[in-house]
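The structure appears below as structure tokens.
The values are calculated or read from the model by the stated rules, or taken from the named source; none is laboratory data. Since the model is a prediction, treat every value here as computed from it, not as a measurement. Counting neighbours? That spans all protein chains shown, and the Cβs are built from the backbone with ideal geometry, glycine included. Protein only, heavy atoms only, side chains kept; ligands, DNA and RNA dropped before computing areas. Shrake-Rupley method; radii C 1.70, N 1.55, O 1.52, S 1.80 Å.
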Amino acid sequence: MKTLLKDCQLVSPEMELEGASILIENDRIKRIYTCDDELPEADQVIDIQGDFIMPGFIDVHCHGNSGLDFADCTLEAVTTMAEKKLLEGVTTLLPTTLTLPEETLAEAMKTAAEYAKNPTGCKVPGVHLEGPFINPKCLGAQNPAYVRAPDVAEVMRLNAIYPVLKVSYAVEMEGGAEFAAELISEGITPSCVHSAATYAQFQDAHEHGLKNLSHFCNQMTPLHHRDIGLVGAGLMNEDVYIEFICDKLHICPDMINLVFSLKDVNHIQLITDAMRAAGMPDGESSLGGLPVIVKDGAARLKSNGALAGSTLKLNHALRNVAEITGYSLSELVKTTSWNQACALGLKDIGRLEPGYFADIVVLDGSFEVRQVFVNGVKKVG
């Protein structure tokens, strides 16, 4: 099966082409054509009519959508998330857990494995464990009842059910630096968050291989003139990838601008950290069993007003960053897919180049999603 997408404004890392066309053969990109090239015949020709075409987005941190949460441990929850995320241009998703008992986490992993047998939405190559190995003084919206020390054996038990691709935890917990090295030896990406770590504690974990910070600036030690903390670590270490919730609420526009001006764009990953209220009207919700109130799109714990994930869409995160920073899309496109693929070692996704999977999002000039392709199959539009 050959599909030709013609008249595209193609945007891929370090590349922008007007009037471009993409030939898809089965599930992969076969060739990119410029506006001057003679176009081939194809079984299906789709006129993109000058809209932007980019690699499908990769959301490595998302808890829920449309009233459902991955930790509900139902096939319906995973399926709904995977299908609804397509509407944001996401073609690869890491459903993200919370600080919960191992038995609950295991049930969630089983639902991901079940979804993978017959995926109807975006790809789900693995799961992101956020917690339970966090600092009890940096809970955010995590449940204190289930916080525990880092345990690689528990992670591997879960990994045996379905791949664990990323674990977010507090590096200052007992054995935290060694935990990073253990995860890496198993092919799992360690990341730090919900942490009160000093810069020195982070550097210890960094020397053990840790090169990721989850939801940067949120629930981590801030920049301070006596200890630059985790925020300083993310800015100082060029090889550290940072997740960024660019909803202009978790991170204010000035901070977004500051980080993009100081941090190598090759190591910034836009995420949503979306919870079950995403795609829903304002009102009551929950996260990890804790009551949440959503007002004007902001999700906060009912008990203390702490932010409880977001209702952000990834295409809107990209729009926010483009408007705030003024960066070119050929640079910002790295933050929606390529950087995530590099950080996790995901192969053949994140770029629009021959040989890569045909995971593609089509956006109009307002960053609204028009069409989405997964493995060359149109899923939206």
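Listing for the model above:
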read-out	value
Filter result (of a type in the set (Ser, Thr, Tyr) and closer than 21 Å to Ser214 by Cα) within segment 326-381	Thr335, Thr336, Ser337
Listing of helices (runs of 4 or more DSSP H) fully contained in segment 194-291 that carry 1 or more residues being aromatic (Phe, Trp, Tyr)	199-207, 253-262
Out of Gly209, Gly175, Gly187, sole residue that is open to solvent by 50 Å² or more (accessible area, probe 1.4 Å) and over 22 Å from Leu258 (Cα atoms)	Gly187
Cβ-Cβ under 6 Å pairs, at least 6 apart or on other chains, segment 322-335 side at pLDDT below 95, far side of a type in the set (Lys, Arg) and surrounded by 18 or more Cβ atoms within 10 Å (Cβ to Cβ)	none
Qualifying residue in segment 315-333 (condition: farther than 26 Å from Thr91 by Cβ, crowded, with 18+ Cβ neighbours inside 10 Å, of a type outside the set (Gly, Ala, Ser) and out of contact with any Pro (no Cβ under 7 Å at 6 or more places or on another chain))	no
Unmet requirement for Pro144, which otherwise passes all of (1) modelled with pLDDT under 95; (2) buried (at least 16 other Cβ atoms within 10 Å of the Cβ)	(2)
The one condition in (1) part of a helix (DSSP H, G or I); (2) farther than 25 Å from Ala308 by Cα that Val155 fails to fulfil	(2)
Lone qualifier among Leu39, Leu23 - being surrounded by 18 or more Cβ atoms within 10 Å (Cβ to Cβ) and modelled with pLDDT of 95 or more	Leu23
Residues of segment 1-50 that turn out to be polar (S, T, N, Q), outside any strand (DSSP E or B) and more than 21 Å from Ala341 (Cβ to Cβ), as a count	2
Any chance Ala116 is within 19 Å of the chain's Cα centre (by Cα), part of a helix (DSSP H, G or I) and either under 22 Å from Cys73 (Cα atoms) or modelled with pLDDT of 95 or more (or both)	yes
Qualifying residues in segment 246-296 (those that are on the phi < 0 side of the Ramachandran plot and among the acidic types (Asp, Glu)) - the one least open to solvent (accessible area, probe 1.4 Å)	Asp247
